[in-house]
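Sharing a structure, written as structure tokens. Questions coming.
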Amino acid sequence: LTLSVHSAGWRVIAHASFLGGGLLFWWPVVRPWPSSSTERPWSIVLYLFLATLPCDVLSAFLVFSERIAYPMYLSAPGHLSVSVLDDQQRAGALMWTAVTIIYAVAGVIVATRWLSRTSLRADERSTPPVGCGLQTELEPR
């Protein structure tokens, strides 16, 4: 992180690695390829839940810390009317809230799609197709 503050080249590398890491993280959730029926979508919900834990730990550290995590920001020109420590705590709170909401929404979407597909498959199995030769009591023989 220190190198990216002082060098434009390292900043580009840092941003590219953040983008690449983000794409790799979200790839199994978004699944831009056809999924097979043997995959278990509940594992994606668990994956998203477990991914929030390191973010929660880091966010809690930033929010509740009484010292500045990155002392180099003390020498940076101040653009805000808040102290560096207040800015760090606000950023940690924003990160904690945003990550939790984003991952929860993604988990709900995955779970809803999975449950609706499961429900459709159950309905298809329990309803006989039209014209399969079965007669009900209301149909004349």
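Pull up segment 54-103, narrow it to residues that are more than 20 Å from the chain's Cα centre (by Cα) and among the polar types (S, T, N, Q), then point me to the one that is modelled with the lowest pLDDT.
Residues of segment 54-103 that are more than 20 Å from the chain's Cα centre (by Cα), as a first pass: 61-90.
Applying the additional criterion that residues be among the polar types (S, T, N, Q) yields 65, 75, 81, 83, 88-89.
Details: SER65: 94, SER75: 76, SER81: 83, SER83: 88, GLN88: 93, GLN89: 95.
Across segment 54-103, the extreme among qualifying residues is SER75.
Same structure, new question: Considering segment 1-20 alone, what residues qualify as being modelled with pLDDT of 95 or more and of a type in the set (Gly, Ala, Ser)?
ALA16, SER17, GLY20
The values are calculated or read from the model by the stated rules, or taken from the named source; none is laboratory data. The model shown is predicted, which means the values in this text are computed figures rather than measured ones.
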